[in-house]
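The values are calculated or read from the model by the stated rules, or taken from the named source; none is laboratory data. None of the values given here were measured: they were computed from a predicted structure. Don't worry about glycine lacking a Cβ; one is built from the backbone with ideal geometry, like all the others, and counts go over all protein chains shown. The accessibility values were calculated without ligands, DNA or RNA, using every heavy atom of the protein model including side chains. Shrake-Rupley method; radii C 1.70, N 1.55, O 1.52, S 1.80 Å.
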Amino acid sequence: MTHSRGAIIVGASSGIGEALARRLAAEGYEIGLAARRTERMQAIGAELPTKSSVATMDVTDVDDARDGFFELAEAMTSVDLVVISAGAATVNRDLEWVPERRTIDVNVRGFTAIATAAMEFFEDDPEHASESDGHLVGISSMAAHVGNGDAPAYNASKAYVSTYLEGLRYRRTGRDVDVTITTIEPGFVDTKLSLGGFWECSPETAAEQIARAIRNERAHAYVTRRWRAIAWLVDLAPEWLLRRLF
């Protein structure tokens with residue numbers, strides 16, 4: 001009997017999350033859509049070629065978001081894959097507290113709430129995660145590699161996401177349940193969060209490359225792949241040069 005694959009995408013109502021939902025559905029995944037905009041997700045779900053379920057979720061309300069995640073997972077036939085794509089970004093050179101807090105609430109607290117819920121789900125009920133022990137994907141950013149005076153909380157929060165996922169990979173050592181952990185670091189993608197720039201790709205191109213990384217069970221992938229060279233240069237650049245650039 002052919003196994004029915006299922007994916008939960010948190011942050012599925014627009015941008016990379018929406019494009020990835022459409023891409024994975026085209027590959028045969030049952031899709032669980034989670035975000036704040038219920039009607040938008042219902043419209044997306046109605047257009048998918050596979051079964052879909054919707055959970056209204058604000059990741060800044062971490063307890064409610066975790067409850068909603070588990071309810072969505074239990075409502076689906078199986079959940080092999082969880083993608084955390086929800087994110088917030090604000091240019092905030094004046095360091096106003098409200099936008100900094102919002103970025104931290106979404107990108108750090110909200111991300112961690114869902115990441116730990118996904119790991120709990122995969123580790124406590126691996127049979128429901130089907131033939132594999134599960135796959136967690138976090139959408140970080142190239143911004144994780146360097147600080148930014150215009151958006152300090154955003155870059156710092158993405159460094160947190162990348163490092164947290166790295167920690168989850170290290171945590172697998174010696175455990176009976178082996179959950180695949182993938183970090184995705186996009187450069188510029190044409191979404192509402194993008195500040196614009198060179199090598200900007202469409203959400204559909206990003207989704208295609210992320211889907212490939214999922215199929216190959218990659219630990220880490222840049223989107224698009226040419227951003228690997230930029231990451232290498234940033235990691236090697238002297239601090240005086242980074243201060244002038246960022």
Identify the single condition in (1) open to solvent by less than 30 Å² (accessible area, probe 1.4 Å); (2) of a type outside the set (Ser, Thr, Tyr); (3) outside any strand (DSSP E or B) that Gly138 does not satisfy, given that it satisfies every other one. (3)
Among the residues of the stretch 89-104, which ones are β-branched (Val, Ile, Thr) and farther than 12 Å from Asp150 by Cβ? Val98, Thr103, Ile104
Given the conditions (1) closer than 25 Å to Thr191 by Cβ; (2) in a loop (DSSP other than H, G, I, E, B); (3) open to solvent by less than 30 Å² (accessible area, probe 1.4 Å), report the number of the one that Ala113 does not fulfil. (2)
Suppose we keep only residues that are free of Cβ contacts under 8 Å to residues at least 40 places away in the same chain and open to solvent by less than 20 Å² (accessible area, probe 1.4 Å) within the stretch 13-28. Which one would you say is farthest from Ala86 (Cα to Cα)? Ala25
With the condition kept exactly as written, say whether any residue in the stretch 38-48 is open to solvent by 10 Å² or more (accessible area, probe 1.4 Å), out of contact with any Pro (no Cβ under 7 Å at 6 or more places or on another chain), part of a loop (DSSP other than H, G, I, E, B) and among the hydroxyl-bearing types (Ser, Thr, Tyr). no
Here are some residues: Val189, Val179. Which one is in contact (Cβ under 8 Å) with a residue 60 or more places away in the chain, buried (at least 16 other Cβ atoms within 10 Å of the Cβ) and touching a Ser or Thr at 6+ places or on another chain (Cβ under 8 Å)? Val189
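For the structure I just gave you, tell me whether Val54 is assigned to a strand (DSSP E or B), among the hydrophobic types (A, V, I, L, M, F, W, C) and touching a strand residue (DSSP E or B) at 6+ places or on another chain (Cβ under 7 Å).
Taking the combined requirement at face value, the residue satisfies it.
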Going by the structure shown, is Ala117 under 22 Å from Arg243 (Cα atoms) and modelled with pLDDT of 95 or more? no
So which of Ala12, Ala73 is on the phi < 0 side of the Ramachandran plot and assigned to a helix (DSSP H, G or I)? Ala73
I want to confirm something. Restricting to the stretch 80-99 and keeping residues that are more than 30 Å from Glu27 (Cα to Cα) and of a type in the set (Val, Ile, Thr), which single residue is surrounded by the fewest Cβ atoms within 10 Å (Cβ to Cβ)? Val98
Inside the stretch 61-79, can you point out the residues that are within 16 Å of Thr38 (Cα to Cα) and in contact with a helix residue (DSSP H, G or I) (Cβ under 7 Å, 6 or more places away or on another chain)? Ala65, Phe69
Of all residues in the stretch 195-223, count the ones that are without any contact (Cβ under 8 Å) to a residue 12 or more places away in the chain and open to solvent by less than 90 Å² (accessible area, probe 1.4 Å). 3
